[in-house]
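Encoded as structure tokens, the structure appears first; notes follow it.
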Amino acid sequence: MRWLIDFLTSSIGKKLVMSLTGLFLISFLVVHLLGNLQLLIPDGGVKFNIYAKFMTTNPIVKFLAIGLYTGILLHTVQGILIVLGNKKAKGSKYAVSTYENGSWMSKNMGLLGLLILFFLCVHMGDFWYKMKFTDQMPMVTYDGVVMKDLYTAVYTSFSQVWIVIIYLIGLVALSLHLLHGFQSAFTTLGLRHKKYTPLIKLMGIGFSVAIPALYALIPLWVLIKEAANY
Amino acid sequence: MKLEANVPEGELAEKWKKYRGSMNLVAPNNKRRLDVIVVGTGLAGAAAAATLGELGYNVKCFTFHDSPRRAHSIAAQGGINAAKNYQNDGDSIYRLFYDTIKGGDYRSREANVYRLAECSTEIIDQAVAQGVPFAREYGGLLANRSFGGVQVSRTFYARGQTGQQLLLGAYSALSRQIAKGQVKMYNRHEMLDLVKVDGKARGIITRNLLTGKLDRHAAHSVVLATGGYGNVFYLSTNAMGSNVSAAWRSVKEGALFANPCYTQIHPTCIPVSGEYQSKLTLMSESLRNDGRVWVPKTVEDAQAIQRGEKRAEDLPEEDRDYYLERRYPAFGNLVPRDVASRAAKVASDEGKGVVKTGLGVYLDFAAAIERYGKSEAFAAGIHNPSSEKIRELGEAVVKSKYGNLFQMYEKITGENPYKTAMKIYPAVHYTMGGLWVDYNLQTNVPGLFALGEANFSDHGANRLGASALMQGLADGYFVIPYTIGTFLANEIRTPKISNDSPEFHDAEQRVKNRLDQLLAIGGNQSVESFHRRLGKIMWDYCGMSRNAEGLKKGRELIRALRKEFYEDVYIPGSADEFNPELEKAARVADFLELGELFAVDALDRGESCGGHFREESTENGEAKRNDAEYTYVSAWEWDDNNPVLHKEELTFENVELKTRSYK
Amino acid sequence: MKLTLKVWRQKNNTAQGHFENYQVEADEHMSFLEMLDVLNQELIEKKEDPVAFEHDCREGICGACSMVINGRPHGSQAGTTTCQLHMRAFKTGDTITIEPFRANAFPVIKDLAVDRSSFDAIIQAGGYISVNTGQAPDGNAIPIEKDLASEAFDAATCIGCGACVAACPNGSAMLFTSAKINHLGKMPQGQVEHGRRVKNMVRVMDKEGFGKCSNVGACEVDCPKEISTDNIAALNRYYLGQVFGGQD
Ligand SMILES: Cc1cc2nc3c(=O)[nH]c(=O)nc-3n(C[C@H](O)[C@H](O)[C@H](O)COP(=O)(O)OP(=O)(O)OC[C@H]3O[C@@H](n4cnc5c(N)ncnc54)[C@H](O)[C@@H]3O)c2cc1C
Ligand code: HEM
Ligand code: SF4
Ligand code: FES
């Protein structure tokens, strides 16, 4: 086991943790998005609410969720430790700073991560916490089955401008985080070659723009729709 | 004092083998008890320290640099010779030996040179095993190129960075021994004096350059691999820190300095651009394979160029003087270094120089670009190519051969050498002279050895291209590990040398007094300004072309400058802190003495040989050697007023002394 | 040309540093270091303390020169060391800010001079092939593919200047370390102890207090020898391969 400890405490080991958890979170982003897009189906929330119930009660999903929480936790804690460690390793800063070498994102992954974290807290407090641990949720009944009406909760939430703004900030941060993070994760794994790296970079840009944009579509859509209803 | 070269008996080709097989050895358990100090981590020093460490000696290694890897050897560009005969072109150990002796104008010791040629092949093997990325052919085998006026292709190279790669190889071997604890490395420690106990070299005094602290280091033997003294000219291709102090301090302790006046002036360097110039940059000799050297035929044209009113391209062919091709039709632009350098000086002295200062000639690639362009076009099946097309194709060929050199030139001068002729001028490059050593590389001080450029041993009056790297590594990897045994085998009963003896304390005090003396002068002129003035005197009176009158005058001027230095130099700061100005001052002080010895030696040598050109000894304007009177090594004992000459007569049993001719 | 220099002055490692302004009159053909020589000459003439900076070869190969010019190690010209930088890259009236390389593993010695011995420590951890003098087989006994030798060479051109660390916002030495590992590891001679080398050099690199690589890429931009960050990716790969496939 000595080797494992040595590895996990080495700089490259720590980075591997970032990369793997990062990629795991990326895959989660896709799944989560597919589910959430059901909010846009104009069926009054039936499909979405059934999906939400499934996601909160199915034992396999529950198990996977624990993995997700651990992933976020690991990624966050390790990320913060790395940023702090690197600050120390750098020591003092230059009087003149330039933006010519290295993208802004790559130098501000910690800040972007914290923004995402802040957003996650708001997001989870708004839905996940309420859904799981309180009974503040409105209820609906489909075919005799009573369930929490997350659909309506989301609509209520997203009709508030300030919530939507927080979401947009969070998603812009996510986009920027991924603009660097996506391809960086592959380099960390050592996956770099002139034959396929350009493709990874392209995919990274596509992913970092498209996924947060689709996420952003949901609150914007709701906000506009609710506004139109008035 | 009788100089004993200690060359072993026997046939030339058998000497080293037999000697190696029969010399006294030090047993492994005894090696552990013997301490060796190695000063210098260039090719010679790093190779020696690593190998002695591998053998089991306790090595302490010193460099004034912040890391062993920064030694001046890192800058060597062109390549390293070895008699591998991989090209099957008739090379052999004998041929390399012969070329080196002849190239050195018959002023080196046969046996040493033969041994050098023998060791050359092992160096390549060793370097390859260390991971030195030499150039290779598509079949995966080592590539060679030809260099400097020899008829075989025996130069191994790593692009234009051969010295860097070889030094990093030696540095890696040294690092391995440091990690093992076999070598204790002292970076940023400058040797400021040699310590002798009972006539034997037993240690050194160093200054920690970060703190200024003086330390006494004792050992059974001291090996100096501290490089050459080309910086006595201030402007040279040597690194700024290269200096003579370690050798010179040893001279002050009784070691002899051999052939100080033998200096190599390299013909293809970037000319001086102004008074502020701090060092000169070499452009590899290989450029002369394709570049044509010329100056304008008339002084009027040259002056117009100097004023910037005309450019090289503006002069039609008939107004140009391709003087090397004219004077030496047989070798043309490929005459040896010393001949090419002097010819450039002659042209510039006639007022035909092509740079602002008047000191520069053209090295023109237009003809090569055109020639290559045409043959490329032909090969590509382009008939009647336009002149633009020819240029384009030709430039591509030139780029593939010399791209990195052209880039370097452009970085420094801001001119594009593909479009306009390069400007070059000779510059001091290498010093063949150095501490006198015998066949074992031991100086006349028992226990004090000298390797690499710091000794005088193998190049005679002129060094062939790609032979310094060979010599440094041969000395370090393959000679000293054996020959140091001839001294140490008799020391196995000597207990650890104490650094607490009166000799050590005296030496430390000597160093301290000297530094205090320098700091106490408190004059008005910077060290740098004295160094520049010394360099100017050296260049003007002891440079490419020397005569008795000038040398006498030069000597007087140096003495006067030395006096002025000790009255008016100003050194900021103190001795017990990081103080680069104090470091420089101590080095320049030594150069001010060496410079005088240089002039004295040049005056004594009334012949022209190799890099030493005496205007009094010429025939039809070409150098004339005088074998009857000067077939000796001049080994000097320093004295402030009258340096004493000791001669080691050179005997040649295997080669016939011939006049070099390149006409 | 008239220039204003804003130079970092720091008496020694423990002293507090600050910027000092100087005016110099330079020539466009001077190298950057010759321009500093002019400044120092003037300071000495005024009996003031000259600016300490490291330099030796002044032709871009020894790796001694080290300073940050307007926020960029070795200045903003690509593939150029400070000593190769010439004043024609600046205009009269410019203000140039000059600072030392900054990283915890490179403590300041004085002014612009820093201590880079942590690099030696990394090499000592395994930046070599274990072969004693005299043990080598014939140079042509191991054929090496030309392209491979050339790739190894590209990595081997590192001059150990530390600009990569200075440029890195994390103070990481991955470019330097990976360059050496790739130089040796790409060739058959270096393969034998490749795994050990990778592990040990990374261990010491971490121990010396360098930061962790975030794949920012600043190192590559400011490396005077234009060493590619592909080397870093390859090191990651080797390291993971060694940990999950190696012997111990
Ligand atoms: C630009 C250039 C290109 C060259 N190209 C070639 C080439 O292509 N082929 C070739 O064969 N030769 C070439 N040469 C010559 C060759 O590079 C040198 O002769 C050779 O490298 C000298 O090696 P060395 O080990 O003797 O000394 P150096 O490499 O000069 O090492 C001297 C060492 O001694 C140390 N030192 C000195 N004094 C002290 C002191 N007092 N205290 C502590 N340490 C001290 C220094 O720190 C350094 O480590 C070239 C030279 C130059 C200048
Ligand atoms: C869904 C959310 C997130 C995703 C998809 C994600 C993804 C990634 C990816 C792919 C990387 C690149 C890993 C590498 O370079 O090898 C990365 C790096 C990083 N992440 Fe995240 N991340 C997320 C949330 C967070 C959060 C909440 C933080 C909290 C601080 C954070 C902090 C960091 C940091 C500091 C790095 C840079 C580490 C380094 O390169 O040194 N991330 N992230
Ligand atoms: S990798 Fe580049 S920047 Fe880093 S030390 Fe080597 S040469 Fe300098
Ligand atoms: S002084 Fe040697 S690289 Fe700049």
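Observations
- Test: residue in region B:185-193 that is more than 25 Å from the chain's Cα centre (by Cα), away from ligand 4 (no atom under 16 Å from the Cβ), crowded, with 24+ Cβ neighbours inside 10 Å and closer than 30 Å to B:THR494 by Cβ: no
- Qualifying positions in region B:597-625 - closer than 18 Å to B:ILE265 by Cβ and assigned to a loop (DSSP other than H, G, I, E, B): B:ARG605, B:GLU607, B:SER608, B:GLY610, B:GLY611, B:PHE613, B:GLU615, B:SER617, B:GLY621, B:ARG625
- Total residues in region B:417-440, condition in a loop (DSSP other than H, G, I, E, B) and under 21 Å from C:CYS83 (Cβ atoms): 1
- Of all residues in region B:238-291, exactly one satisfies the criterion of being away from every other protein chain (no Cβ under 14 Å), aliphatic (A, V, I, L, M) and out of contact with any strand residue (DSSP E or B) (no Cβ under 8 Å at 6 or more places or on another chain), namely B:VAL244.
- Just one of the listed residues (B:ARG546, B:ARG532) is under 25 Å from B:LEU515 (Cα atoms) and within 22 Å of the chain's Cα centre (by Cα), and it is B:ARG532.
- Condition check for C:ARG116: touching an Asp or Glu at 6+ places or on another chain (Cβ under 9 Å), within 16 Å of ligand 1 (Cβ to nearest atom) and of a type in the set (Lys, Arg): yes
- Number of positions in region B:524-545 that are within 14 Å of chain C (Cβ to nearest Cβ) and either in a loop (DSSP other than H, G, I, E, B) or over 14 Å from B:TYR229 (Cα atoms) (or both): 9
- Count - residues of region A:115-142 that are without any contact (Cβ under 8 Å) to a residue 24 or more places away in the chain and part of a helix (DSSP H, G or I): 7
- Meets criteria (buried (at least 17 other Cβ atoms within 10 Å of the Cβ), at pLDDT 95 or above and either within 16 Å of ligand 3 (Cβ to nearest atom) or among the aromatic types (Phe, Trp, Tyr) (or both)) for C:ALA121: yes
- Filter result for B:ALA330 (farther than 14 Å from B:ILE424 by Cβ, in contact with a strand residue (DSSP E or B) (Cβ under 6 Å, 6 or more places away or on another chain) and among the hydrophobic types (A, V, I, L, M, F, W, C)): no
- Of the criteria (1) among the hydrophobic types (A, V, I, L, M, F, W, C); (2) at pLDDT 90 or above; (3) part of a helix (DSSP H, G or I), which one A:LEU191 fails: (3)
- Residues in region C:155-202 that are among the hydroxyl-bearing types (Ser, Thr, Tyr) and within 16 Å of ligand 2 (Cβ to nearest atom) were compared, and the one that is farthest from the other protein chains (Cβ to nearest Cβ) is C:SER178.
- Reported count of residues in region B:130-150, each being surrounded by fewer than 24 Cβ atoms within 10 Å (Cβ to Cβ) and facing another protein chain (nearest Cβ under 7 Å), is 7.
- Residues satisfying the stated conditions in region B:624-663, i.e. within 26 Å of B:GLU556 (Cα to Cα) and either at pLDDT below 95 or exposed (fewer than 12 other Cβ atoms within 10 Å of the Cβ) (or both): B:ASP639, B:ASP640, B:ASN641, B:ASN642, B:VAL644
- Residue pairs meeting the criteria (Cβ under 7 Å; at least 6 apart or on separate chains; first under 9 Å from B:GLN130 (Cβ atoms) and more than 8 Å from every other protein chain (Cβ to nearest Cβ), in region B:158-172; second hydroxyl-bearing (Ser, Thr, Tyr) and more than 11 Å from ligand 1 (Cβ to nearest atom)): none
- Exclusive hit being more than 9 Å from ligand 1 (Cβ to nearest atom), polar (S, T, N, Q) and within 16 Å of the chain's Cα centre (by Cα), set B:THR100, B:THR41: B:THR100
- Residue check, B:PHE134 near ligand 1 (Cβ under 10 Å from one of its atoms), more than 30 Å from B:THR206 (Cα to Cα), assigned by TED's automatic domain parsing to the domain that holds B:ILE484 and not in a strand (DSSP E or B): no
- Qualifying residue in region C:32-49 (condition: buried (at least 19 other Cβ atoms within 10 Å of the Cβ) and either under 18 Å from the mean Cα position of the chain (by Cα) or among the small types (Gly, Ala, Ser) (or both)): yes
- Any hit, region B:107-126, residues being closer than 25 Å to B:HIS459 by Cα, within 16 Å of ligand 4 (Cβ to nearest atom) and at the interface with chain C (Cβ under 10 Å from one of its Cβ atoms): no
- Scanning region B:47-76 for residues being in a loop (DSSP other than H, G, I, E, B), more than 8 Å from every other protein chain (Cβ to nearest Cβ), buried (at least 22 other Cβ atoms within 10 Å of the Cβ) and out of contact with any Leu (no Cβ under 7 Å at 6 or more places or on another chain) gives a total of 1.
- Of the strands (runs of 3 or more DSSP E) lying entirely inside region C:1-116, those containing at least 2 residues that are modelled with pLDDT of 95 or more, more than 14 Å from chain A (Cβ to nearest Cβ) and touching a Leu at 6+ places or on another chain (Cβ under 6 Å) span C:18-25.
- For region A:94-109, the set of residues classified as more than 7 Å from every other protein chain (Cβ to nearest Cβ) and over 13 Å from C:ASN70 (Cα atoms) consists of A:SER103, A:TRP104, A:MET105, A:ASN108, listed by residue number.
- Qualifying residues in region B:77-89 (those that are assigned to a loop (DSSP other than H, G, I, E, B) and within 6 Å of ligand 1 (Cβ to nearest atom)) - the one nearest to the other protein chains (Cβ to nearest Cβ): B:GLN77
- Helices (runs of 4 or more DSSP H) completely within region C:182-243 that count 1 or more residues being among the charged types (D, E, K, R) and in the same structural domain as C:SER150 (by TED's automatic domain parsing): C:194-207, C:218-222
The values are calculated or read from the model by the stated rules, or taken from the named source; none is laboratory data. Since we're looking at a predicted model, the values are computed, not measured. Every residue, glycine among them, receives a Cβ derived from its backbone with ideal geometry; neighbour counts consider all protein chains shown.
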